[in-house]
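Encoded as structure tokens, the structure appears first; notes follow it.
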Amino acid sequence: MKPKLRARLRSDLTWEPVYHGLRSNAIFRLERSGDPEAFAVLAQVFASTSDDWTQGQVRQALERIREDQAGIDAMAGIVVSTGDEALAALIAERAPADPLSHAVVLYLAGEFDRYEDLDFDGSLMRAAHRAGTPALRQALAQVARTSGRLQWVRTVAGERRPDLDRLSAAEWEAAIASLVRARRWGELVDLATRAPVTVGADILCELASHDWHPSDRDGRREFAHLAKLAAAARQARPPQDGPFSDADAQVLDGGLEVRRLAVSPDGSMLASTGATEPVRFWHLPTGTTRRTLTGWAKGVKGMMFTPDGEQFVAGDRGGRIARWSVQEERPLDPLVGHRRKVLAFAAALDGRTLFSSGSAGEIRTWELPSGRPGVVFKGDLWSFDLALSTDGTRLFSGGTGLVRVHRLPDGAVDGELRGHRKPVMSLAVAPDGELVATASLDKTVRLWHLPTGRSTACLEDHRAAVNAVAMTPDGQWLASAGWDGSVRIWELPTGKAAYVLDDRLGRVQCLAMSPDGTTLACGTIKGRIHLWRRRLSPLHSIMGGPLERVGLDEVGELDRKAGEMTADELVWKDLIVGLLRWRGRHDVELGDAVGDAATLSQDVELGD
């Protein structure tokens, strides 16, 4: 089945106004196609639809498809991406060809004996968690919590796990609940010193509520002090970064107009340009001009810094991609291949591949740093913006009323995000990979859930076309701007309106966010570049990750920053320092815990 037909049939199944007759036809054609990717579309719809009639009809088709190995493998792939327990139960009696997929299916379906026979050392679960989507990880955590499977806890949060910062709030809650019910006090104490400090506070309070304490006198005294710090921290407000503010705002003169902005990966440089303006480099945070590239590229429509910061690329109206060496401050050989205007760029996180879109309906890939041409695949007639998924497996292209989802590396269309009535001008992907924000000339901003592709919110506060969106690196805030002259800030993932930075700017053409999220820049048709800044908490870097990555040598730095902290931040700082010192002084063993020795010496499964 051709990708374009498959994408259209998927839209027929997921778009709400479509009647049952059209949906029945789509189900029939997808089932009879014999195409594994068509089977995957049916499985995806089964896992995501809220329409009972559609789910029932798709279920019947899947029950027939599961007799075929290709159908089993396709459905297992969707189980791995969505974590859907009902779909896992549907194929639990079959064996997917991929052992990892098979292990996930058995675990989610509650077939624990068969799962343990297959994944006796936990390596498959570890791999599934490390490569899994947030939806899969949440589903695995929920099964672990309800069934009491301690193997999951030790696989994802056990000693020397390198990816503790990837655990979601739901996963931490499941891990703590499972260990508490199994009375694994020693493991909980160890986890408190390695987890994010907010989780550590929860663990300490949980231990105190069960009257746990070390067996020695000094240990009891220190733990009692830590428990008091944890209780105080839970009453205090967690350290938060401030809002963007006019207090330190700057306005730069970008010429007659500003249509594009880009910030370097290290946040030290801002690039600006307009239809008739040269590319200008500005120093951040001072806002002073560093260099003007007169005559280097004409009529620039899209531009960006490469992820390593070594090159700056800009596409002009003639189809040429000009390149500039940032370090050597000299032009490099241009990239030639587009026949018309180059509109947008995106780059792989490893910096080895550059994607460019043009007005001739094509998306091109280029090897970096060499610039050697790569794969060319079909995009929308006008792909105004490009964005890459956080795992690097999907490329989103915004075009004339929809967003196409391209599978990488071949660029095949893997789905469409439909809902906008006019061209999509700007895209932003959340760092957790679960959300895409889109801005459109139809005056709206939409939020989309991944991987289902459902529109979760339509933000309609703008009074005119919306040209740009930009997201903070922590994925908590979204900025949008458009022709109504306003720059608006929204909470994520809900889309709740937070505040308006300014609504008297004239037509806003573009936005750019610094990599650390402290600076937001907007460019207007009047040629002005507005810069807004926000305060990051002195505890920002520590609060965002596990304590096991923080060393005792950082205690002195925290003490030096104490004068910059609020009262609530000081409470959290004291807890952080206390946990670091506890970890440095004590190697708590299970035998030190006061509790049921028999319970502590066994690997108890809570379902027993």
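The values are calculated or read from the model by the stated rules, or taken from the named source; none is laboratory data. Not measured: the values here are computed from a predicted model. Cβ sites come from the backbone with ideal geometry, for glycine too, and all protein chains shown count toward neighbours. Quick note on the areas: whole protein, heavy atoms, side chains included, nothing else; ligands and nucleic acids left out. Shrake-Rupley method; radii C 1.70, N 1.55, O 1.52, S 1.80 Å.
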Worksheet item: Counting only protein heavy atoms and using a 1.4 Å probe, what share of the accessible area of segment 166-233 belongs to carbon plus sulfur, as a whole percent?
Response: 51 percent
Worksheet item: Between G374 and residues 5 or more places away or on another chain, which pairs have amide H atoms under 5 Å apart, with H built 1.01 Å from N, and which residues are they?
Response: T365, W366, E367
Worksheet entry | For the chain, calculated [θ]222 nm from helices alone, where every DSSP H run of n ≥ 4 adds -39500 (n - 2.57) | -10500 deg cm²/dmol
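Which percent of the accessible heavy-atom area of segment 3-118 goes to carbon and sulfur, probe 1.4 angstrom? Working shown, then result.
On the way: 2580 of 5280 Å².
In segment 3-118, the share of accessible area belonging to carbon and sulfur is 49 percent.
For segment 149-231, which GluC sites (Glu not before Pro) pass both filters: DSSP loop (anything but H, G, I, E, B) and at most 12 other C-beta atoms within 10 Å? Working shown, then result.
Details: sites: E159, E171, E173, E187, E206, E222; in loops: E159.
Answer in residue order: E159.
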Worksheet item: From the list [x] 43, 36, 20; [y] 109, 21, 19; [z] 52, 34, 24, can you say which value of semi-axes √(5λ) of the Cα gyration tensor in Å was derived from the structure given?
Response: [x]
Worksheet item: For segment 194-209, in order, what is each residue's ³J(HN,Hα) by Karplus, 6.51 cos²θ - 1.76 cosθ + 1.60 with θ = phi - 60°, in whole Hz (x at glycine and Pro)?
Response: 10, 6, x, 4, 5, 5, x, 4, 4, 5, 4, 5, 5, 4, 5, 5
Discussion item. Between segment 124-187 and segment 413-442, how far is it from one alpha carbon centroid to the other, in angstrom?
Written reply: 32 Å
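Taking only protein heavy atoms into account and a 1.4 Å probe, give the accessible area per residue of segment 487-560 in Å². It would help to have the intermediate numbers written out before the result.
On the way: 3170 Å² over 74 residues.
Counting only protein heavy atoms, the per-residue value for segment 487-560 is 43 Å².
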Practice prompt. Hey, can you find the accessible area per residue of segment 205-324 for me, probe 1.4 Å, expressed in square angstrom?
Written response: 47 Å²
Worksheet item: What residues qualify as long-range amide H neighbours of H338, i.e. H under 5 Å apart, gap of 5 or more or another chain, H built at 1.01 Å from N?
Response: none
Item to complete: Taking H placed 1.01 Å from N in the peptide plane, check which residues at least 5 places from G274 or on another chain put their amide H under 5 Å from its amide H.
Response: R259
Worksheet item: Cα to Cα, under 30 Å, and not fewer than 8 places away if on the same chain: which lysines meet these conditions relative to K228?
Response: K561, K573
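For segment 3-118, with every protein chain kept in place, what is the accessible area per residue (1.4 Å probe, Å²)? Before the final figure, lay out the partial values.
Details: 5280 Å² over 116 residues.
For segment 3-118, the per-residue accessible area is 46 Å².
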Fill in: Per-residue ³J(HN,Hα) for segment 210-216, Karplus 6.51 cos²θ - 1.76 cosθ + 1.60, θ = phi - 60°, Hz, x for Gly and Pro
9, 6, 7, 7, x, 7, 8
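Can you tell me which of 398-405, 210-217 comes out highest on packing, and rank the rest after it, using the mean Cβ neighbours within 10 Å?
Going by the mean number of other Cβ atoms within 10 Å, highest first, we get 398-405, 210-217.
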